[in-house]
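Okay, so here's the structure we're looking at.
The values are calculated or read from the model by the stated rules, or taken from the named source; none is laboratory data. Nothing here was measured: the structure is a model prediction, and the numbers come from that model. Note: ideal-geometry Cβ built from the backbone for every residue, glycine included; neighbour counts use all protein chains shown.
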Amino acid sequence: MSRRANPNSPSPRRGHAPEPVPSGLISTKEHRMFCEFADTVRSSRYIGLCYGPPGVGKTLSAEDYARWPEQRPFVEMPHPIVDWFHRGANRSDWHTLLYTPLVNTPPGRALTELTVMSNRHAMLRARHIEDPRRETNLHGASSYTELVIIDEAERLTTRALEQVRDFYDRSALGLILIGMPGIEKRLARYPQLYSRIGFVHHYRTLTIEELTTVLSTAFAHLGLASPDATEAIAAIARTTAGNFRLVNRLLNQAERILKLNNLDLVTAEVIDAARDALVIGTS
Ligand SMILES: Nc1ncnc2c1ncn2[C@@H]1O[C@H](COP(=O)(O)OP(=O)(O)OP(=O)(O)O)[C@@H](O)[C@H]1O
Ligand SMILES: [Mg+2]
């Protein structure tokens, strides 16, 4: 029987804590469906709308699809072209831009930022597709961006949405707007934009079965597989209802409780204590 977990009693000894779910992306069914959706929007050059509750993985999927951690420094900051090549920036899977408007982005700013990013990207892509020694004509090159994903699209004001539609109309690219549930109703109020939406994707929480599989694999990797762990996994699945952000927060809290109580094993009791120490919203 494992020791009772108390979230507040410190302990001098540090036990074996479980790692939180690894920060690297796990290729879940939802993520794969997002990639399939993005491929379709990219090849059809339509507008796609993706919505889902907070913390399910929309941003992470978009970042992964756009290879954003690697690509971002090249398109968000000016780099001498020669640098791009020296730093291996000519990759064929860099076909997508990810743009996140700031809260209260002033009208006009979204359009300017998108244009600057896509021009830089066009240079980068043109250099990849064509002979890198050829000079690139920026006007003609803008079609090299195949897809723009706008995350947190509800931050765009009516006027910014109008500008984004204009940007889309003038470029031969696909566009994905990502937002929270309800964004589809807001966009329906702008018939010109709405009529261009070809695909809609609802990004859902993980099913309990898939979350259980993901966690069992993670626990097995960490050498924590045991009947106690199986119960703990069931408790995590129950508590989080398949929401990834909640899983991370719960596991971080569980790690803290293990340390405080000098425990080695993640059990359902530890998870329950972790849940009690968390403020858990409805989604
Ligand atoms: N497929 C995944 N593999 C590993 N971790 C994931 C995965 N999906 C989401 N996460 C984790 O869950 C957390 C929330 O993910 P993300 O920020 O992408 O959610 P979101 O749907 O964009 O939420 P919001 O609507 O609040 O912006 C992140 O900390 C991320 O690391
Ligand atoms: Mg997000």
Residue in region 248-282 that is nearest to PRO54 (Cα to Cα), counting only those that are out of contact with any Gly (no Cβ under 6 Å at 6 or more places or on another chain), polar (S, T, N, Q) and not in a helix (DSSP H, G or I): THR282
Tell me, yes or no, whether region 169-180 has at least one residue that is loosely packed, with under 14 Cβ neighbours inside 10 Å, closer than 23 Å to CYS35 by Cα and not acidic (Asp, Glu). yes
When every residue in region 145-160 that is assigned to a helix (DSSP H, G or I) and either touching a Pro at 6+ places or on another chain (Cβ under 8 Å) or buried (at least 20 other Cβ atoms within 10 Å of the Cβ) (or both) is compared, the one modelled with the highest pLDDT is ALA153
What do you reckon, is ARG45 modelled with pLDDT of 85 or more, basic (Lys, Arg) and either within 16 Å of ligand 1 (Cβ to nearest atom) or crowded, with 20+ Cβ neighbours inside 10 Å (or both)? no
Long-range neighbours under 7 Å by Cβ, at least six apart or interchain, first residue under 16 Å from THR59 (Cβ atoms) and more than 16 Å from ligand 1 (Cβ to nearest atom) within region 140-158, second small (Gly, Ala, Ser) and modelled with pLDDT of 90 or more: LEU147/ALA38; LEU147/GLY174
Identify all residues within region 57-76 that are within 9 Å of ligand 2 (Cβ to nearest atom) and β-branched (Val, Ile, Thr); write none if there are none. THR59
What are the pairs with Cβ atoms under 8 angstrom where one residue, in region 57-73, is farther than 15 Å from GLU146 by Cα and assigned by TED's automatic domain parsing to the domain that holds GLU152 and the other, located anywhere, is of a type in the set (Gly, Ala, Ser) and within 13 Å of ligand 1 (Cβ to nearest atom)? Sequence gap at least six, or different chains. LYS58/GLY52
